[in-house]
Amino acid sequence: MDPFQYVYVIRNSKQLEFHEFADKMASKTFDYPALSKGKFPDLKENLHRIYQYLQGKPLDIISDHMMKNLQDIFEWKCSQATDWETEKMYKFCCSVMFEASFVTLYGRVPAADGHKVISEIRDKFIKFDASFPYLAANIPIELLGATKKVRKELIHHFLLQNMTKWLGGSKVVQARQDIFEKYDLLGDYDKAAHHFAFLWASVGNTIPATFWAMYYLLRHPEALAAVRDEIDRLLQSTGQKRGPTYNIHLTREQLDNLVYLESALNESLRMCSSSMNIRISQEDFVLKLEGNQEVSLRKGDWIALYPQILHMDPEVYEDPKEYKFDRYIENGKKKTTFYKAGRKLKYFLMPFGSGISMCPGRFLAMNEMKMFLFLLLAHFDVELAENKAVRLDNSRMGLGILLPDVDIAFRYKLRSLRK
Ligand code: HEM
């Protein structure tokens, strides 16, 4: 519970392991054989190595693809909105982010009904995801209605004979495919199940996080105005025009410099993220903490860090329940110093986990959400169409980004080009 102790847990990654627990849970949830050492030597390490495709130069390439795919989808879905169009916000975020992420990672489905195929996968994904907290809590899938059937259907989409038809997928997915081919003991279904698990990791949190970022911006007109102004200024300074063709290009540096957009996004992540960081002690040992404190741990003991407590700590964040879009800005620059009881914190925002269990897709996730908001606000006037409170649905507390308890209507309309 004390954020000053986090570092002692996080840096002790030899004795406090995470993968064994995560592997057990993921293999059961997504239906692939556990990555236990004997059967699949080095598989875990090999899969981890290719997370390099989500960082550095490869990150720029995959982010550019995501930007292009997002624009194609906005153009296809929204470019007729010369008058107000009303939609449900979660459904909208889900439809745009799922398709753009799917095409970016796995490739375009070339059939004439390519959009339809992806939306069928999405609808099954939503059904499966609704059971995710129960699966994570070890409830047998047989007790969860149609979940088992839906999971099987989803996994079948990722069989090699289907995946080879998809065009222009990402390096990271290709590299995962190549690795799986080296393991004779992985069956076709098992490989497909791994691909499905990666899909879940790549959109399961990003979709609700995008929803909250958009929802809070629309709820706070001053935030919306500041972020839109920043976007318009960037477009102007780089000589890019919004609409009617959707071909805006943003470099990594430009994305990084959108301080208001990033702060607004961080603020919504602070409020909606709830991932628990779990470690399991690999042996009996004494964990040394700050100020000569010690904890005797037995082999198999669990430690859980729960950063949501930190995110909601009034000593760190004044009025923690309030959305303040510029919380992460200081003197016009990114603010990275936060204090508790007068002491500087090493960790103050942890939606992506920590240390050995830190999300490898975090840079891509931030870029994706920024690009979604950028395009939405650059091209459209957007406002809430309903006045109701949307709250966090706590049923997946501890498991990542919380979903909203209800969906809410919003409307959008193409912005006048002269504005
Ligand atoms: C807002 C969006 C996202 C959030 C909040 C998020 C958060 C997390 C967290 C907290 C974990 C650690 C899980 C644990 O401790 O049990 C994790 C793991 C993971 N995430 Fe993300 N994630 C996001 C987006 C993404 C994206 C876009 C990708 C890939 C394209 C991705 C890929 C992964 C993978 C592969 C793992 C498992 C890593 C491992 O093997 O240890 N995530 N994510």
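Brief remarks on what is shown
- Set LEU392, LEU349: member being among the aliphatic types (A, V, I, L, M), within 30 Å of TRP200 (Cα to Cα), surrounded by fewer than 21 Cβ atoms within 10 Å (Cβ to Cβ) and touching a Cys at 6+ places or on another chain (Cβ under 7 Å): LEU392
- Test result for ASP190, of a type in the set (Asp, Glu), modelled with pLDDT of 95 or more and farther than 28 Å from SER395 by Cα: yes
- Filter pass, SER170 being over 16 Å from SER101 (Cβ atoms) and surrounded by 15 or more Cβ atoms within 10 Å (Cβ to Cβ): no
- Boolean, GLY400 is at positive phi and either surrounded by fewer than 16 Cβ atoms within 10 Å (Cβ to Cβ) or within 16 Å of the ligand (Cβ to nearest atom) (or both): yes
- Residue check, ALA264 in a helix (DSSP H, G or I) and farther than 21 Å from TYR347 by Cα: no
- Among the residues of region 37-95, those that are without any contact (Cβ under 8 Å) to a residue 40 or more places away in the chain and within 26 Å of VAL390 (Cα to Cα) comprise LYS77, SER95.
- With respect to the conditions (1) within 16 Å of the ligand (Cβ to nearest atom); (2) closer than 30 Å to ALA225 by Cα; (3) out of contact with any Cys (no Cβ under 9 Å at 6 or more places or on another chain), TYR306 falls short on a single one, namely (2).
- Checking each residue in region 155-194 for being in contact (Cβ under 8 Å) with a residue 40 or more places away in the chain and aliphatic (A, V, I, L, M) picks out ILE155, MET163, LEU167, VAL172, VAL173, ALA175, ILE179, LEU185, LEU186, ALA193.
- Qualifying residues in region 252-277 (those that are surrounded by fewer than 19 Cβ atoms within 10 Å (Cβ to Cβ) and without any contact (Cβ under 8 Å) to a residue 60 or more places away in the chain) - the one nearest to the ligand (Cβ to nearest atom): ASP256
- Helices (runs of 4 or more DSSP H) wholly inside region 33-134 that include at least 2 residues being more than 18 Å from the chain's Cα centre (by Cα) and away from the ligand (no atom under 12 Å from the Cβ): 56-78
- Of everything in region 1-32 that is in a helix (DSSP H, G or I) and among the acidic types (Asp, Glu), the residue that is nearest to the ligand (Cβ to nearest atom) is ASP23.
- Test for PHE348: is it modelled with pLDDT of 95 or more, more than 23 Å from ALA225 (Cα to Cα), assigned to a helix (DSSP H, G or I) and not aliphatic (A, V, I, L, M): no
- MET371 closer than 30 Å to ASP64 by Cβ and either surrounded by fewer than 20 Cβ atoms within 10 Å (Cβ to Cβ) or more than 16 Å from the ligand (Cβ to nearest atom) (or both): no
The values are calculated or read from the model by the stated rules, or taken from the named source; none is laboratory data. In this text the structure is predicted, and so the values were computed from the model without any measurement. Counting neighbours? That spans all protein chains shown, and the Cβs are built from the backbone with ideal geometry, glycine included.
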